[in-house]
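Taken together, the values in this text are just the output of simple stated rules run on the coordinates, not laboratory data. From a predicted model like this one, the values you see are computed outputs, not experimental measurements. Cβ atoms come from the backbone with ideal geometry, glycine included; neighbour counts cover every protein chain shown.
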Ligand code: MRU
């Protein structure tokens, strides 16, 4: 359909999500600083997608290092890692990608130093290819919870634009459709960056899945009226006890779902699960600019770049104080199941995935 990110001829091509759905255009990144800027400015966003971008950024950065030894090469990569790690704090996938690349390199200490950039480009491509498979597996496990005729609510964008493949939260929807089930999706608009309005509805319409866009505050009323059967969202970081960090507003949706007896599922690839953190209170939460809140689409305009795409309409008095918390944490008790590539599990069983001799058949829902 479209490629969210691609490695081609030693460059990284990023679909510019700030311009969607008005324009489909790509940013061609020739160095790691450009990739880091694209992640920071949310030209690419969504946890798995920014993990893939980080891996490709590292491969670009590696190409610019002049080193005579493995240790010198690793020292040269440190600023690359640091630049990528400091872009966005909440999604664990950037850290996951950096740690995976570090392990990958340490296992190749004996290789000629000048072969390492090429190996890193291959590894970044492998991370993307694996994500495609992971998305499919999440689709397969998640589709079991979707019955013919269901109305599904999703929040933010955990679709193809947020991953290398068919998405995480959207994967069960696409799999259900392939199985011949008729479904309909409500997409929360997701103020202030409007991922639901701009991205999820755009994607689902292209996939031929009936989608209705709603304001974030409509979700409760629709649940109360019996118009929503199921919720599926993605995650930026799910931790050991099953607490889930995702786009701001997810927590409200989860509480409303519980109150209304509606199952609330989280699609979480293992790359978004942080087993090092015991509970959600320790997840770093990103806060963003006031401009995203005081204007409609103003946060999408980059001076000199995107202004011709989005205007900036001010909707608040000048000088008003603003909090723009980009993510929230949904406690595990509101989560019906976490759908990973290994199967769907109760949040409290997530930590058992770390056991070497775990019997997945016993744990799966
Ligand atoms: O700020 P964003 O757009 O990067 O936030 C994205 C989300 O909250 C997604 O739900 C999450 O990253 C999962 S993407 C498969």
If the label point sits 7 Å along Cα→Cβ of residue 287, residues of region 84-106 with amide N under 20 Å come out as 86-91
Report the extension gain between residue 6 and residue 205 in nm, rounded to one decimal, defined as 0.36 nm multiplied by the number of residues separating them, less their alpha carbon distance.
69.4 nm
Distance in nm between pseudo-label sites at residue 86 and residue 103 (7 Å out along the Cβ direction from Cα)
2.7
Obtain the nm distance between the two label points defined at residue 132 and residue 13 by a simple spin-label model: each point lies 7 Å from its Cα along the Cα-to-C-beta direction.
1.4
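Take each of the peptides 242-254, 213-225, 329-341, 117-129, average the number of other beta-carbon atoms within 10 Å over its residues, and list them starting from the highest.
Working: 242-254: 25.1, 213-225: 15.8, 329-341: 22.4, 117-129: 18.2.
Packing order, densest peptide first, comes out as 242-254, 329-341, 117-129, 213-225.
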By counting other Cβ atoms within 10 Å of each Cβ, how are 80, 185 ranked from fewest to most?
185, 80
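Fewest first, what order do 156, 38 take by the number of other Cβ atoms within 10 Å?
Values: 156 30, 38 24.
In increasing order of surrounding Cβ atoms, one gets 38, 156.
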So for R0 = 45 Å, FRET eff. of residue 259-residue 28 from the Cβ-Cβ r, to 0.05, ends up at 0.40
Between residue 358 and residue 40, with labels modelled 7 Å along Cα→Cβ, what's the label distance in nm to one decimal, could you check?
3.6
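Take every Cα pair under 8 Å in region 13-83 that's 6+ residues apart, average their separations, divide by the length, and report that relative contact order as a whole percent. Intermediate results must be reported in sequence, preceding the final value.
Working: 68 pairs, mean separation 19.2, N = 71.
Reported relative contact order: 27 percent.
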Segments 18-28, 159-169, 271-281, 196-206 sorted - mean Cβ within 10 Å per residue, highest first:
159-169, 196-206, 271-281, 18-28
Rounded to the nearest 10 degrees, what's the angle between the helix 250-259 long axis and the longest principal axis of the chain, both from Cα atoms, 0 to 90?
30
So what's the back-of-envelope 222 nm ellipticity for the chain, counting only DSSP H runs of four-plus at -39500 (n - 2.57) apiece and dividing by all residues, rounded to 500?
-10500 deg cm²/dmol
So if I take the centroid of the Cα atoms in region 255-333 and the same for region 65-119, what is the distance between those two points in Å?
29
Relative pair counts by distance (%), Cα atoms of region 179-234, 10 Å bins:
22, 55, 22, 1
